[in-house]
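The values are calculated or read from the model by the stated rules, or taken from the named source; none is laboratory data. All of these numbers come straight from a predicted model, not from anything done at the bench. Here the Cβ positions follow ideal geometry from the backbone for every residue, glycine too, while neighbour counts run over all protein chains shown. Just the protein is used for accessible areas: all its heavy atoms, side chains included, with ligands, DNA and RNA removed. Shrake-Rupley method; radii C 1.70, N 1.55, O 1.52, S 1.80 Å.
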Amino acid sequence: MDSINITPGDTLLVNAYFIVLLPLFSFLVLGFFGKKMPGSSSGWLGTVSLATAAFLACTVALDFFTTDKRYVDSKFSWLEFANGLSIDMGVLLDPISVMMLVVVTFISLMVHLYSLGYMKGEERFSTYYAYLGLFTFSMLGLVLSVNLFQIYIFWELVGVSSFLLIGYYYDRASAIAAAKKAFIVTRFADLGFLIGILVLSNTSGTLDFKTMISTLSDPTSEGLRNAAAGSFLGISALTWGLLLVFMGGAGKSAMFPLHIWLPDAMEGPTPVSALIHAATMVVAGVYLVARLFGIFVMSAPAALEVVAWTGAISSLFAAVIACTQTDIKRVLAYSTMSQIGYMMFALGVSAGSDQPTHGFTAANFHLFTHAMFKALLFLGAGMVIHAVHSNELSAMGGLRKKLPLTHITFLIACLAIAGIPPFAGFFSKEAILHAASETHPAIYWMGIVTAALTAFYMFRLYFGIFWNGKAKLHHDQHNHHDHSGHEGDVFQKTPLVVLAMASIAAGFIPFGHFVTSDGSSLEMHTDVMFSILPVSLSVIGILLAARMYRTPSDLPERMAGFFGSFFLAAKSKFYIDEVYLFITRKILFRLIGAPAAWVDRSIVDGAVNTLGVSAEVGAESISELQSGKIQSYAGWFVAGTLVLIALFIYFIH
């Protein structure tokens, strides 16, 4: 697709730049002056900025998708090192970036609005909104990037922003540990990403997305031939580059085995969890693979196979763990990992397909619908946590009458994520399963099992919170304000209603007309016969959850006993954290770190210390020569003169 020549006054690009800069403006103003602003005015500044950005994003999407524009970019030279060698920055508008503009700004606006009530009374209220602005700016910059270097800059900014938000309650040791864990784990993954960028830019001769994709997906290009010719361990340089880039995406999207940071990220405020899990950080990896999809599918199907199986394994793995967790935010965290896995394997199953755009469109469609109902689930969980002052299911139950709006909106979100028609999740999930069934039967069946488990653990959550016993509301002051017996203010209720409507309506959008990998229009029809099996299994999962958790019973304990050690392993997250700790402490620290420290201390420092001591001893030994006594200096002068005369006479003879 050819770029369209853009005039400086083009409203599409002007609006796109404003969309990115508005959250940055909010961050800078609140960062410098927020503490001096009265009351909740700092929150309102952030919210109005995001509302403006969301409105502009909708106008950009409307203009973009209702015209023939399919690729619009604007670039300027940011760092110029020499003629022909520079790093560009700019804005790229194509179907997936425009779709992401709407998702990021809309979900961020809902979080900003919800936080006006949820975070009211917080000591660092303005700081919180400043961090939200930085986070949103980082993600918007990421999705609008015109080249790999620019996306890496904003990729790292997203990491910094998540560190600040996860560790917002810095006086809690658990929050600080969670922030460091997320930051360190994703840094390891980002190292692979950086190496992958160097490999891809070296093989294609550019960092620009459009040029790189056209070069490395064209069988006749010299760049592709060179990338395919160079190999390591029998794998081409191009495949290695894409796998390393995917490593960065897998870390950011919490794919197995780089997922360990995600459950602990729940230590941040609940609205932050909604932002991270629904629209920003964890979908960045999906967006990255989608951005380079043309290279993956045309030139490196082996790398796409890795993407497919990583997504499928992560999806099923997380769903199993979610069935055993009792912290409702951790259940939702593993649910996110599972749904991101769905998106990943939807992209991956395009390898070998006659119509690869099916998987591409299905993945992005699920990204879009998932943002709506996952944000709704987290914001609903926030209402519940404020009502009972606990994250544990055992502290909940019977809340449907005390929290009626939360109850009905949470139910809508559960039905959507369970894939029950006509809710949004049904349409996008069916599209993914249909794409998988065409080329990867094994992954298709893994997706089917995951769908049934998703319905079970989400309705385990639903019945455990809103049914299963009497309400256990607290009436004490907790944190910043008391919600005893009510559902908060209009700022918290409005996002729930809006997101609930979006969780129903989003599935009816003709998504294939707007977002495809090749720019063509794709008809996405619902096959009733195909849908019978996944929907039936989801209904069975819901009924089983109702039987076990709708009313108090000993059935959950009996089922746990039936699965025995497997249940205990799943509840302990299959001991992946313990494996990482063993590798870190016993291997890296003890077998590598300790010897390296000894070499540094004994050899490197020892050599330097020896030189220092030698200099000190030498100085001490000749210090008497600098006594300050004239007689001594005269004596040494005479002695030296006699020595020189003697040497002179000796050499003359």
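Data table
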{"read-out": "Long-range Cα-Cα pairs in region 270-331 (distance over 16 Å), rounded percent", "value": "61 percent"}
{"read-out": "Label point distance in nm, F648-A594, each placed 7 Å from Cα along Cα→Cβ", "value": "6.8 nm"}
{"read-out": "Given charges at Cβ of Lys, Arg, Asp, Glu: the chain dipole, positive-most of V289, H277, L194", "value": "H277"}
{"read-out": "Relative intensity, log₁₀ I(q)/I(0), of region 252-302 from a Debye sum that treats every alpha carbon as a point, q = 0.24 Å⁻¹", "value": "-0.90"}
{"read-out": "Distribution of pairwise C-alpha distances over region 518-653, 5 Å bins, in %", "value": "2, 7, 5, 6, 6, 6, 6, 6, 6, 5, 5, 4, 4, 4, 3, 3, 3, 3, 3, 3, 4, 5, 2, 0"}
{"read-out": "Whole-angstrom Cα spans of the chain along principal axes, big to small", "value": "117, 66, 55"}
{"read-out": "Area of F76 that stays accessible when all protein chains are in place (1.4 Å probe, Å², to 10)", "value": "100 Å²"}
{"read-out": "Dimensions in Å of region 231-389 - Rg and Dmax from alpha carbons", "value": "16.3, 58"}
{"read-out": "Axial C-alpha extent at least 27 Å, average Kyte-Doolittle at least -0.5 - helices from the chain (DSSP)", "value": "11-33, 41-65, 95-118, 125-143, 173-204, 301-322, 328-348, 357-388, 441-466, 528-549, 630-652"}
{"read-out": "With eigenvalues of the C-alpha gyration tensor scaled by 5 and rooted, region 555-618, Å", "value": "55, 7, 5"}
{"read-out": "Under 5 Å, built H, 5+ apart or other chain: amide partners of S86", "value": "F81"}
{"read-out": "Neighbourhood net charge (15 Å Cβ-Cβ; Lys/Arg +1, Asp/Glu -1) for M344", "value": "+2"}
{"read-out": "Selection from V98, T336, G488, by position along the positive dipole direction of the chain (Cβ)", "value": "G488"}
{"read-out": "Nearby lysines by direct alpha-carbon distance to K35 (threshold 28 angstrom, same-chain neighbours under 8 apart not counted)", "value": "K120, K180, K493"}
{"read-out": "By accessible area with a 1.4 Å probe, ligands and nucleic acids excluded, highest first: order of K429, K36", "value": "K36, K429"}
{"read-out": "Cα pair count fraction exceeding 18 Å, expressed as % - region 364-412", "value": "34 percent"}
{"read-out": "Peptides 169-180, 523-534, 446-457 ordered by average Cβ neighbours within 10 Å, highest first", "value": "446-457, 169-180, 523-534"}
{"read-out": "Shape of region 335-456, Cα gyration tensor, a/c cut at 1.5", "value": "prolate"}
{"read-out": "Rounded if a/c under 1.5, otherwise prolate or oblate - region 487-530, Cα gyration tensor axes", "value": "oblate"}
{"read-out": "Estimated [θ] at 222 nm from DSSP helical runs (n ≥ 4, -39500 (n - 2.57)) normalised by residues in the chain, nearest 500", "value": "-22500 deg cm²/dmol"}
{"read-out": "Accessible area (Å², 1.4 Å probe, nearest 10) - V638", "value": "80 Å²"}
{"read-out": "Computed accessible area, E616, all protein chains, 1.4 angstrom probe, square angstrom", "value": "130 Å²"}
{"read-out": "Once the Cα gyration tensor of region 186-255 is diagonalised, semi-axes √(5λ) in Å", "value": "22, 13, 9"}
{"read-out": "Dipole magnitude of the chain, debye to nearest 20 (Cβ charges: Lys/Arg +1, Asp/Glu -1, about Cα centre)", "value": "1760 debye"}
{"read-out": "Directionally averaged projected area (convex hull, Cα atoms, region 58-196), nm²", "value": "10.9 nm²"}
{"read-out": "Global form of region 382-452, assessed from the alpha-carbon gyration tensor, a/c cut-off 1.5", "value": "prolate"}
{"read-out": "Cβ crowding within 10 Å averaged over residues, with 301-307, 607-613, 371-377 ranked highest first", "value": "371-377, 301-307, 607-613"}
